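Visitor: Structure below; questions to follow.
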Ligand code: UTP
């Protein structure tokens, strides 16, 4: 098996029900935070970690994702003629990057979405990046996970401590702690707070190896009637070590309305063009609230 992680799977075929009606006919992954769609944050984060190829899992109403990373002749001409070279460079920067798209015919779950990418991955380790988790770039989570993978050559999954009352929204692990790294003993998808072995929730960054596919292929629908990645990992951990890595910085759950608004505010405050005016606006706004 090759050892360098060069490919990333970006599952983007979910129905996005928490964002209806916005996501009825438009992809959730194309919702913007400030001026970039969610999926662009995921792609940029991956490129900064050395990922070279993207396998995007799409579904119905997701064509805008392909268009976003494609060339746009008419728009490019217009930007050239009007001398908007900065914007032209921004929309053209995907030309050198390899994208492949696979349709998941029905939204049968995250595990099934990843299984759809098997023919494109073959014998390589790969990353799985969920666009609805945006990670604070000050603490590059994926880069740290890749370092652990390079050392251990075993799957690595990202973890975050969440309030125990929220564990039923996540996959949760039981493991043995070594600093920020956990050697995983067991995983449970969406446990009740009473049954959860910890409050260590699995979040949307994974480094996986191709062994996962045979376990995904065997899965029957689990929590929520979906084919769950957590259930396949639960089988795999009986055969091979899996490590968890506890995130250091902030994660925004932008698949959720409140998380989306928090990310919008924080990233607008970090945006060079907007930060000053936006901060002034927020300060005035807060005064009217108090
Ligand atoms: P979510 O659990 O957030 O589901 O999926 P969702 O459908 O996108 O959103 P809600 O919960 O209904 O609001 C996590 C990730 O897995 C992808 C989603 O696109 C998202 O990136 N996914 C989920 C698939 O690609 N296929 C699926 O069948 C399910």
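Visitor: Condition first: within 21 Å of residue 29 (Cβ to Cβ) and at pLDDT below 95. Now tell me which residues in the stretch 113-131 satisfy that.
Guide: Once the filter is applied, which keeps residues that are within 21 Å of residue 29 (Cβ to Cβ) and at pLDDT below 95, the stretch 113-131 yields 120, 121.
Visitor: Spot the failing condition for residue 145; the list is (1) in contact with a strand residue (DSSP E or B) (Cβ under 6 Å, 6 or more places away or on another chain); (2) in contact (Cβ under 8 Å) with a residue 12 or more places away in the chain; (3) surrounded by fewer than 22 Cβ atoms within 10 Å (Cβ to Cβ), and only one is missed.
Guide: (3)
Visitor: Of the conditions (1) under 18 Å from residue 5 (Cβ atoms); (2) buried (at least 20 other Cβ atoms within 10 Å of the Cβ); (3) within 15 Å of the chain's Cα centre (by Cα), residue 155 satisfies every one except a single condition; which number is it?
Guide: In the conditions (1) under 18 Å from residue 5 (Cβ atoms); (2) buried (at least 20 other Cβ atoms within 10 Å of the Cβ); (3) within 15 Å of the chain's Cα centre (by Cα), residue 155 misses (3) alone.
Visitor: So which residues in the stretch 208-254 are touching a strand residue (DSSP E or B) at 6+ places or on another chain (Cβ under 7 Å) and more than 16 Å from the ligand (Cβ to nearest atom)? Spell out the reasoning first.
Guide: So in the stretch 208-254, the residues touching a strand residue (DSSP E or B) at 6+ places or on another chain (Cβ under 7 Å) come out as 208, 222-223, 228, 230-231, 233-234, 237, 241-247, 249, 251-254.
Hits for the stretch 208-254 are 234, 237, 241, 242, 243, 244, 245, 246, 247, 249.
Visitor: If residue 133 passes every condition in (1) loosely packed, with under 12 Cβ neighbours inside 10 Å; (2) at negative phi but one, which one does it miss?
Guide: Of (1) loosely packed, with under 12 Cβ neighbours inside 10 Å; (2) at negative phi, only one is false for residue 133: (1).
Visitor: Kindly list the number of the only condition in (1) touching a residue at least 40 places away in the same chain (Cβ under 8 Å); (2) over 24 Å from residue 227 (Cβ atoms) that fails for residue 25.
Guide: (1) is the only condition that residue 25 fails.
Visitor: Quick check on my filter: what residues within the stretch 128-142 are more than 16 Å from the ligand (Cβ to nearest atom) and either part of a helix (DSSP H, G or I) or touching a strand residue (DSSP E or B) at 6+ places or on another chain (Cβ under 7 Å) (or both)?
Guide: We begin by selecting, within the stretch 128-142, every residue more than 16 Å from the ligand (Cβ to nearest atom); these are 136-141.
Of everything in the stretch 128-142, just one residue is more than 16 Å from the ligand (Cβ to nearest atom) and either part of a helix (DSSP H, G or I) or touching a strand residue (DSSP E or B) at 6+ places or on another chain (Cβ under 7 Å) (or both), namely 141.
Visitor: To continue, here is another question. For the stretch 256-283, give me the residue count where each residue is in a loop (DSSP other than H, G, I, E, B) and more than 23 Å from residue 86 (Cβ to Cβ). Give the derivation first.
Guide: Step one: of the stretch 256-283, the residues in a loop (DSSP other than H, G, I, E, B) are 256, 270-274.
Within this subset, residues satisfying the condition of being more than 23 Å from residue 86 (Cβ to Cβ) are 256.
So the answer is 1.
Visitor: Within the stretch 98-115, which residues are surrounded by fewer than 22 Cβ atoms within 10 Å (Cβ to Cβ) and in contact with a strand residue (DSSP E or B) (Cβ under 7 Å, 6 or more places away or on another chain)?
Guide: Answer for the stretch 98-115, where residues must be surrounded by fewer than 22 Cβ atoms within 10 Å (Cβ to Cβ) and in contact with a strand residue (DSSP E or B) (Cβ under 7 Å, 6 or more places away or on another chain): 98, 99, 100, 101, 102, 103.
The values are calculated or read from the model by the stated rules, or taken from the named source; none is laboratory data. Being a predicted model, the structure only gives us computed values, none of them experimental. With ideal geometry, Cβ positions are generated from the backbone for all residues, glycine too; neighbour counts draw on all protein chains shown.
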